[in-house]
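Okay, structure first, notes after.
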Amino acid sequence: MKKVIIIILHFIAIFGILIAIGCIPEEEEVGRSEIFTGELERNVELKILENDIARELGYLDKLLDAFNEEYAEYGITAVDADMSESSNLIEDGPYGYGPDVLYQANDNLMKYVDGKHILPIPVAQIDDYEGIAENAWAAYEKNDQIWGVPVNVQEPLLFYRKDLIPDNWETEWDDNQNEVPDMIESWPALYKFSEMLYNDGNPDTYGYMKSYEQPYFSMGYLYSYGGYIFGDNNNDTSDIGISAGDSYLGAMVVRQQATLMTKSAQDGSITSVAYTQLAKGNFFATATTPDVTNMFIEALKEEGLDPDECLGVSVLPQLPENGDITDEDAELFDSISMGGVHAYSISAYTKSPNACLAFINFATKWEMLELRNQILGIVPARTELSEELGGINREVMEDLNTGYIYVMPSNSELSAVWNAVTTLFLDCAADAFRDEPVLNTKEAMKARVEQANQAVIDALKTLG
């Protein structure tokens, strides 16, 4: 009997040691949401990591000032983390350099889940939980928990100079007589209009211009023709679908677009000058996300132009079923775009989780999201607010709810995808300028997309 008791005591002692050194998690670590007691930490400073544009256009300062005034009685102060928006919590957090609250897209935030670098959100303590779109919450669901509080919805939009549309568009550029200029609702029409500007004798004027070094903006072409990233609604990372269906037709669209651009489509230079070149009238249109709307507005103002009269924003044009944007008679269909959901998450390394949650509740309330929309042009993840704001806000939310936005996978395996598809799209753009093109047939493009698909498979094997 004594031996049994001794053995039991030994097991208890060993178990205690394992807990102490972290080999076995304590109950609080197993259920991390239990640290959200509802009791605010006092006299603490929260480091907030926001995106660069929110800092540049002054939204972050307004948010911090408003929060600090609201919570002054608790001694809680929120400050700019003063870090790049691309900072890596995995590298910074364990050493105390990371932020307490992070604002990023779902693919960036959700990569922190597996290593427990962010805390699960106690959704019962989110003041406006029901006001946020269900599909936005879905981007942050994993292991039966929620890991971020959605702020805004992203998808590529067409930004264009509506004052540069020809005066005779109602008779010459509205074939379906729906009172919408053809060049903003159809890729074949936008290609035709771009071709007209490309050949107008002015070397500085172009139609649609876009850099292809950011695959986020081009993946939708593959999706629209049957491609996908991971199978089973992005849950099966062993099923890679970059080349599924007729996705190669989407890659051919990219190649055709580039033929009416400059060689700068092969790098990031078009992206860096898009705001000013659109404002100067050198670009008719480009594609980017709604959260940079005010960058175009500011550029137009610097040119002495009225943004309300000059700037147009719409969802991306319809695609031809045959994948040929030079075919004006092709049947059209609504395209699918890669999208994302930006949110706030809480670092697992913070010493003030309850104060962090208070900040997120404050930053995602109606008034602050409305202000964020006014300053940045974002599409709020709150359904009723986007509906009230109307216009492109309503359209983007409709795309999210009806499946026309393919939300980026929320798993770490996505990192194995970007290099292969970036190389694919840059190759498509480069082929438009080759003396001897190698991707100008369906067979060649299909093989190239299959090569990209295999590159993703190989990269995943390397990751293990």
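Exactly one residue among ASP200, ASP174 is open to solvent by less than 40 Å² (accessible area, probe 1.4 Å) and in a loop (DSSP other than H, G, I, E, B), and that residue is ASP174.
For every residue, the table says whether it meets (1) surrounded by fewer than 21 Cβ atoms within 10 Å (Cβ to Cβ); (2) closer than 17 Å to TYR160 by Cβ; (3) touching a strand residue (DSSP E or B) at 6+ places or on another chain (Cβ under 6 Å); (4) in contact (Cβ under 8 Å) with a residue 40 or more places away in the chain.
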site: VAL180; (1), (2), (3), (4): yes, yes, no, no
site: SER186; (1), (2), (3), (4): no, yes, yes, yes
site: ALA189; (1), (2), (3), (4): no, yes, no, yes
site: LYS192; (1), (2), (3), (4): yes, yes, no, yes
site: TYR223; (1), (2), (3), (4): no, no, yes, yes
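If you go through segment 362-403 and keep only what is hydroxyl-bearing (Ser, Thr, Tyr) and in contact with a helix residue (DSSP H, G or I) (Cβ under 8 Å, 6 or more places away or on another chain), you end up with THR383, SER386. Do we find that TRP418 is within 21 Å of SER224 (Cα to Cα) and of a type in the set (Phe, Trp, Tyr) in this structure? Judged against the criteria, TRP418 is a match. Selection of strands (runs of 3 or more DSSP E) fully inside segment 59-164 by the criterion of at least 1 residues being touching an Asp or Glu at 6+ places or on another chain (Cβ under 7 Å), closer than 30 Å to SER186 by Cα and open to solvent by less than 10 Å² (accessible area, probe 1.4 Å) returns 149-154.
Restricting the search to segment 48-66, which residues are under 26 Å from the mean Cα position of the chain (by Cα), on the phi < 0 side of the Ramachandran plot and in contact (Cβ under 8 Å) with a residue 60 or more places away in the chain?
ILE48, ASN51, ILE53, ALA54, LEU57, TYR59, LYS62, LEU63
Going through ALA279, ALA251 one at a time, which residue ends up being in a helix (DSSP H, G or I), touching a residue at least 12 places away in the same chain (Cβ under 8 Å) and farther than 21 Å from PHE159 by Cα?
Working: ALA279 fails: farther than 21 Å from PHE159 by Cα.
Of ALA279, ALA251, the one residue that is in a helix (DSSP H, G or I), touching a residue at least 12 places away in the same chain (Cβ under 8 Å) and farther than 21 Å from PHE159 by Cα is ALA251.
The values are calculated or read from the model by the stated rules, or taken from the named source; none is laboratory data. The model shown is predicted, which means the values in this text are computed figures rather than measured ones. Here Cβ is always computed from backbone atoms with ideal geometry, including for glycine, and neighbour counts include all displayed protein chains. Side chains are part of the model used for accessible areas, which takes the heavy atoms of the whole protein and leaves out ligands, DNA and RNA. Shrake-Rupley method; radii C 1.70, N 1.55, O 1.52, S 1.80 Å.
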